[in-house]
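Shown next, in C-alpha cells, is the structure this report addresses.
The values are calculated or read from the model by the stated rules, or taken from the named source; none is laboratory data. None of the values given here were measured: they were computed from a predicted structure. Cβ coordinates were reconstructed from backbone atoms using ideal geometry, including for glycine residues, and neighbour counts include every protein chain displayed. What goes into the accessible areas is simple: the full protein's heavy atoms, side chains included, and nothing from ligands, DNA or RNA. Shrake-Rupley method; radii C 1.70, N 1.55, O 1.52, S 1.80 Å.
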Amino acid sequence: LPGYFIFPSPVYLQIMQALVVASSVIPLFLLARRNQLSYKVTAVICISFCFHPALAGGCFYDIHENMFLTPFLLWMFYFLDGKQWNLVYLFAFFTCLVKEDAPIYIASVAAYLIFSKKEIRRGIILLTGSVIYFAIAIMYINNFGDGAMIGRYDNFIGDSDLGLLNVIKVIISNPGYLIYEVFNQEKVLYMLIMLLPVAFLPLLNRDLPQMLMLIPFLLINLVSDYPYQHSIVFQYNFGTLAFLYYLVIKNLPGLGFKFKKYGLPFMAAASVLLFISQIGIYADNITNYIRNHEKYSRISQALEAIPEDASVRASGYFVPKLSSRKVLYDIQYSFEVEEAVNAEYIAIDMRPGLEGYAENVANEYKARGYKVVDYEENLYCILKKE
C-alpha cells in the first residue's frame with residue numbers, strides 16, 4: 001500500500017515482495033559503514049547478501065508477510081548500533097506487527113542487549129514489549145482465528161499442557177534430544193547452505209552472549225520438524241538472514257588480515273555458486289511459461305469468463321487469477337465454511353500432477369447439483385450451481 005490501490009493485482013504483490021526484500025541491502029550497506037568497514041568489504045558483504053540463495057528462494061513461493069522482517073530488522077540493527085533508541089523501538093514494533101511469532105526476533109535482540117551489550121534497561125524494555133505483544137497476539141488469534149500453529153512443534157510439545165513453553169523446557173532439560181532433532185541430514189545440509197555464504201562468521205566470536213542472536217535460527221528454522229521452516233525456498237529464512245548478516249558485520253573487524261583476504265572472497269564465491277545451484281532451476285519457469293503459453297491463455301480466458309460478482313471456490317493455482325472476485329475461497333482450505341461450500345462457481349485445476357484429486361473433486365460437486373459450464377481435458381473444469 002498505497003500502490004495496491006493503483007495496481008490491485010497479484011502481479012503487483014509479487015513484484016513488491018522482491019523489491020521489499022531487495023531494499024534490505026540499503027540498511028545493510030549503512031550498517032557496514034557505521035561499523036567502519038571499508039567500501040570494498042562492504043561491497044563483498046552486500047554481494048554475498050544479494051546472492052544468498054535463501055533471499056531469492058523465499059520469493060518463489062507465493063507472497064508472504066515475512067518479507068518485511070529482513071528490512072525492518074536490519075534497520076533496527078542500524079539504529080541500535082547508533083544508539084538511536086526511539087527508532088530502535090519503532091522498528092521493533094514494526095517487526096512485531098508482521099506476524100504473531102515475530103516477537104521472538106525482538107526478544108533475542110533484547111537478550112543480546114542485556115547480556116552482551118550491558119544495555120539492561122533498554123533490553124528489558126524490548127523484552128517486556130515483545131512478551132506483551134506476543135501474549136496479546138496469541139490471545140487474539142486463539143479467540144478470533146484458528147489459534148497459533150503450535151502443531152509445527154509437536155516434536156517438542158507432545159501432549160504437554162504447557163504448549164509452546166514446553167519447547168523451551170525440553171531444550172533446557174534434554175539437550176541430547178535437541179541435538180538429535182537439529183543435527184539430522186536434512187537440517188545439516190540446510191545449515192550449510194545458510195552459513196557457507198557468510199563463511200560461518202556468525203559463529204566466530206569470543207563473546208559467548210552474542211550467540212543469543214542465533215536463537216531465531218534455532219527456534220524458527222531448526223527446532224521444528226515442519227519441513228518448510230528449514231527449506232531454502234520458503235519465506236521462513238527472511239528474519240534469520242538479517243541476524244546472520246548483522247553478526248557478520250559485528251564479527252568481521254575482530255578477525256585477522258588472512259581471514260579477510262581469503263574469507264571475504266569465499267563469502268562472495270559461495271553465495272554466487274549456491275545461488276546458481278539452488279535457485280538456477282527456477283529459470284525453467286520462464287521456459288515453461290513460453291512453451292505452454294497457449295494453454296495458460298486458454299485457462300485465463302475460462303477463468304475470466306466467471307462473473308466478477310460471483311462467489312467462487314477454486315484450486316490454489318487458480319486463486320490469484322480470480323483474486324478480483326469479492327467472495328473467493330481456496331478449495332483446499334475451506335471445507336467447513338458454509339459460504340464456500342455453497343459458492344456459485346467451482347474452478348478446478350485439472351492439469352496432471354497439480355491437483356491429483358481433481359477428478360474426485362469435480363465428481364463430488366456434480367453430485368451436489370453443480371453443472372459443468374466449461375471444461376478442457378487436463379486443463380480446467382468450471383462448474384456452476386444449478
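Among A310, A367, A54, the largest mean-square fluctuation in a Gaussian network model of the chain, built with springs joining Cα atoms closer than 10 Å, belongs to A367.
Cβ under 14 Å from K118's Cβ, K118 left aside: what net charge do those residues give with Lys, Arg +1 and Asp, Glu -1?
Values: positive: K83, K117, R121, R122; negative: E119, D207.
Neighbour charge sum, excluding K118 itself: +2.
The mean accessible area for residues of region 1-50, using a 1.4 Å probe and ignoring ligands and nucleic acids, is 57 Å² per residue. What pairs from K187/K261; K295/K321; K99/K250; K40/K83; K117/K258 go past 18 Å between their alpha carbons? K187/K261; K99/K250; K40/K83; K117/K258, as the Cα separations exceed 18 Å there. Most simply put, the chain has about 60% antiparallel DSSP beta bridges, counting only bridges with both residues inside it. Taking Cα centre as origin and charging only the Cβ of basic (Lys, Arg, +1) and acidic (Asp, Glu, -1) residues, the dipole magnitude of the chain rounds to 2160 debye. Quick check on region 207-332: take the gyration tensor over C-alpha atoms, sort the square-rooted eigenvalues as a ≥ b ≥ c, and tell me if it's rounded (a/c under 1.5), prolate or oblate. Because a/c hits 1.5 or more and a/b exceeds b/c, region 207-332 counts as prolate. The GNM of the chain, with springs linking C-alpha atoms under 10 angstrom apart, assigns the highest mean-square fluctuation among P53, P71, P227 to P227. Of C50, C59, the order by accessible heavy-atom surface (1.4 Å probe, DNA, RNA and ligands excluded), from most exposed downward, is C50, C59. When the surface is traced with a 1.4 Å probe over the full set of protein chains, T95 keeps roughly 0 Å² accessible. S323 sits with roughly 50 Å² accessible to a 1.4 Å probe, with DNA, RNA and ligands left out of the calculation. Under the shape rule built on the C-alpha gyration tensor, where the axes satisfy a ≥ b ≥ c, region 43-89 is oblate, since a/c reaches at least 1.5 while a/b does not exceed b/c.
Based on alpha-carbon centroids, what's the gap between region 226-272 and region 56-135 in Å, whole number please? What the calculation gives is 19 Å, centre to centre. Toward the positive end of the charge dipole of the chain, with +1 on the Cβ of Lys and Arg and -1 on the Cβ of Asp and Glu, the farthest Cα among G158, I124, V312 is that of I124. Taking all protein chains as shown and a probe of 1.4 angstrom, I346 keeps an accessible surface of around 0 Å². The H on the amide N of N205, modeled in the peptide plane, is under 5 Å from the matching H of no residue at least 5 residues off or on a different chain.
Taking only protein heavy atoms into account and a 1.4 Å probe, give the accessible area per residue of region 143-221 in Å².
Values: 4560 Å² over 79 residues.
Ligands and nucleic acids excluded, the figure is 58 Å² per residue.
Normalized C-alpha radius of gyration of region 218-272, against 2.2 N^0.38 Å? Rounded to two decimals, the normalised Rg is 1.41.
Just need the relative contact order of region 120-226 here, percent rounded to a whole number, with Cα pairs under 8 Å and 6+ apart.
Details: 43 pairs, mean separation 31.4, N = 107.
Once divided by the residue count of region 120-226, the mean separation gives 29 percent.
Less than 5 angstrom separates the built amide H of R368 from none of the residues sequence-distant by 5 or more or on a different chain. Split the accessible area of region 1-118 by element, probe 1.4 Å, and carbon with sulfur accounts for 71%.
For region 344-386, what does the accessible surface come to per residue with a 1.4 Å probe? Please give it in Å².
Numbers: 2390 Å² over 43 residues.
Per residue, region 344-386 has 56 Å² of solvent-accessible surface.
3J(HN,Hα) along region 82-91: x, 6, 8, 5, 4, 6, 4, 5, 4, 6 Hz, from the Karplus curve 6.51 cos²θ - 1.76 cosθ + 1.60 with θ = phi - 60°, whole Hz, x for Gly and Pro. Taking all C-alpha pairs of region 1-54, those more than 12 Å from each other amount to 69 percent.
For the chain, what class follows from the C-alpha gyration tensor (a ≥ b ≥ c being the square roots of its eigenvalues): rounded when a/c is under 1.5, otherwise prolate if a/b is larger than b/c, else oblate? In terms of gyration-tensor shape, prolate. Its Cα centre serving as origin, region 151-283 has a Cβ charge dipole (Lys and Arg +1, Asp and Glu -1) of approximately 760 debye. Helical runs assigned H by DSSP (4 residues or longer) give the chain a calculated mean residue ellipticity at 222 nm of -16500 deg cm²/dmol, each run adding -39500 (n - 2.57) before division by the residue total.
Could you look at region 191-235 and say what percent of its accessible area is carbon and sulfur, using a 1.4 Å probe and all protein chains? All intermediate terms of the calculation are to be shown ahead of the outcome.
Working: 1200 of 1680 Å².
In region 191-235, the share of accessible area belonging to carbon and sulfur is 71 percent.
Counting only protein heavy atoms and using a 1.4 Å probe, what share of the accessible area of region 243-386 belongs to carbon plus sulfur, as a whole percent? In region 243-386, the share of accessible area belonging to carbon and sulfur is 55 percent.
Considering only E119, E65, E294, the mean-square fluctuation computed in a Gaussian network model of the chain, springs between alpha carbons under 10 angstrom, is largest for E294. Annotation: amide H-H contacts under 5 Å for L328 (H modelled 1.01 Å from N, sequence separation of 5 or more, or interchain): V312.
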